[in-house]
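Worksheet: one structure, shown below.
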Amino acid sequence: MPKFIHKEMDSLYVDEFKKRINDLMSNLESLPVQNDAVLSKLAFVLNSNVNITCKEVRGLKSIPTNRIVYCTMEVEGGEKYRTEHAEAGKSVWESLAEFPTNQILPIIKVKLFMENPGLLSLDENKLGKLSLQIDPTFNKTNWWIDMIKSKYTSNEQLKVKLDVRMEKPQNLKMCG
């Protein structure tokens, strides 16, 4: 409280402040209460893109070099993308797949297949697979990652070379 010259001014000052506070309280009480709907997590949608480039596969020693192999890539809950065909001896691609997603932590699935040489065969032989959960700060290039082998591959270690990048959504301020 400020210092005043006259003693009566102290009480006058306190009375004026009490009156202001009472006026503010009465104004506040006279405002209608609004029952706005509370925003939930479901009210916000974050759209982003996941870019996957499948580059190369190593560890296909038990498969004849002239057999055709390819990879499929997908973001869980989205569409699949398939690389072009390559021979098992030179399993190199530069296949970029871009997946729009609204998942905050999407799961990426990459599978390696070998085409069946038979004319009437409808199913393909799955050689390996992997799944990753990424976040909006994920950015790896020329990344060798181990695949989980299937029954069609022998004891060799299957590795796939990937570029994986997730673009941060426009309306996301901070993450990580």
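So the values come out like this:
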read-out	value
Subset tally (residues that are within 24 Å of residue 165 (Cβ to Cβ), hydrophobic (A, V, I, L, M, F, W, C) and buried (at least 16 other Cβ atoms within 10 Å of the Cβ)) for region 74-112	8
Qualifying residues in region 57-66 (those that are surrounded by fewer than 17 Cβ atoms within 10 Å (Cβ to Cβ) and in contact (Cβ under 8 Å) with a residue 40 or more places away in the chain) - the one nearest to the chain's Cα centre (by Cα)	58
Contacts under 8 angstrom Cβ, first residue in region 139-151 being touching a residue at least 12 places away in the same chain (Cβ under 8 Å), partner among the small types (Gly, Ala, Ser) and part of a strand (DSSP E or B), 6 or more apart	147/128; 148/128; 149/128; 150/128
Meets criteria (modelled with pLDDT of 85 or more and among the β-branched types (Val, Ile, Thr)) for residue 45	no
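The values are calculated or read from the model by the stated rules, or taken from the named source; none is laboratory data. This structure is a prediction, so every number in the text was calculated from the model and none was measured. Virtual Cβ from ideal backbone geometry, glycine too; neighbours counted across all protein chains shown.
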